[in-house]
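A.B. asks: Quick one: this structure, given as structure tokens, is what I'll be asking you about.
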Amino acid sequence: MIEREKSSSMSFWQRFGVGIVTVVMVVSTVALFAGIVITSRNQEKDMANEEADRARLMEMLDEYYAEVDVAAAELSERYLDTFLGWRQELSRQGRFTFNQARVNSLTDVETRDFHVGTGKQITQEVMDEYRELAEVDPDVLTPYSAYYIGWLHDGTVFDSSFRDPEDDSALNFPLAGGVSFIDGWLEGVIGMRIGGVREITIPSSMGYGAVEQGPIPANSGLRFMVMMVEPQRVPEPSEELIELYARFSFMGRAPMKQEDAVA
């Protein structure tokens, strides 16, 4: 009797242990399933929030670009006729073609002033001072802005300030005269005054050298017509736009808009 009772007692505890394990497994399974469901819902929520933020970014970008376009249109109305007039003058003088071999043999840029402005002169000291200020404050206003046309030896225009390469009825926002341009441009504008118009001829060694750059073949001499105007500040984007753009840029999915630059 004593042995049977002991055996029966052990069987009970074994069954109890199995029951506990079963309950734990069931609870764990339910918790795991619940965790998966919650994680999935959180991921769906995060994705929905991300899509909403991305849609907001696109909306704000459209609004910002529209604001820039309005500012560009106002400046274009002021400067377009003058710019077209100087382009016509260069065309009349046959300046849109040049001997590439001779240009590439230059050891320095060549400049030719068509009109000497009456505004502030852009000296090397002015540009050096701007460079120092820009390192501290990236939003500091550049010393000048410029409308330009850039072309190759055969007259092919590879870049310009025109809003549409096939339509010369409007100008983009003028180029901000910074310090991150090709060497030939940086050297070529020194000495210009605000309001001036200059032709700048650049050997390939002071342009893009042996590197093909978009429509510019390797080892290409370049020529620019530059019309220098008062420095213009591009409309400031909002903090929300900057934050959203930076976030999506970090994620590698920010929409981009190609802006004219002689970088």
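A.B. asks: Can you compute the equivalent ellipsoid semi-axes for the range 53-108, i.e. the square root of 5 times each eigenvalue of the Cα gyration tensor, sorted largest first and rounded to whole Å?
C.D. replies: Values: eigenvalues 312, 81, 12 Å².
They are 39, 20, 8 Å, listed largest first.
A.B. asks: Related question: So how much accessible area does residue 79 have, in Å² to the nearest 10, using a 1.4 Å probe?
C.D. replies: Accessible surface of residue 79 is approximately 40 Å².
A.B. asks: For the range 147-226, which whole percent of the accessible surface, found with a 1.4 angstrom probe, sits on carbon and sulfur atoms? List each step's numbers first, then the result.
C.D. replies: Details: 1360 of 2900 Å².
Carbon-and-sulfur percentage of accessible area, whole number: 47.
A.B. asks: Distance in nm between label sites at residue 246 and residue 181, each 7 Å beyond Cα in the beta-carbon direction?
C.D. replies: Taking the simple label geometry, residue 246 and residue 181 are separated by 2.9 nm.
A.B. asks: Would you please give the FRET efficiency between residue 89 and residue 131, computed as 1/(1 + (r/R0)^6) with r the Cβ-Cβ distance and R0 = 41 Å, to the nearest 0.05? Kindly include the intermediate steps, with their values, before the conclusion.
C.D. replies: Values: r = 33 Å, r/R0 = 0.80.
Efficiency, from the Cβ-Cβ distance: 0.80.
The values are calculated or read from the model by the stated rules, or taken from the named source; none is laboratory data. The structure displayed is predicted, hence computed values, not measured ones. Every residue, glycine among them, receives a Cβ derived from its backbone with ideal geometry; neighbour counts consider all protein chains shown. To get the accessible areas, we keep the full protein, side chains included, count just its heavy atoms, and leave off ligands, DNA and RNA. Shrake-Rupley method; radii C 1.70, N 1.55, O 1.52, S 1.80 Å.
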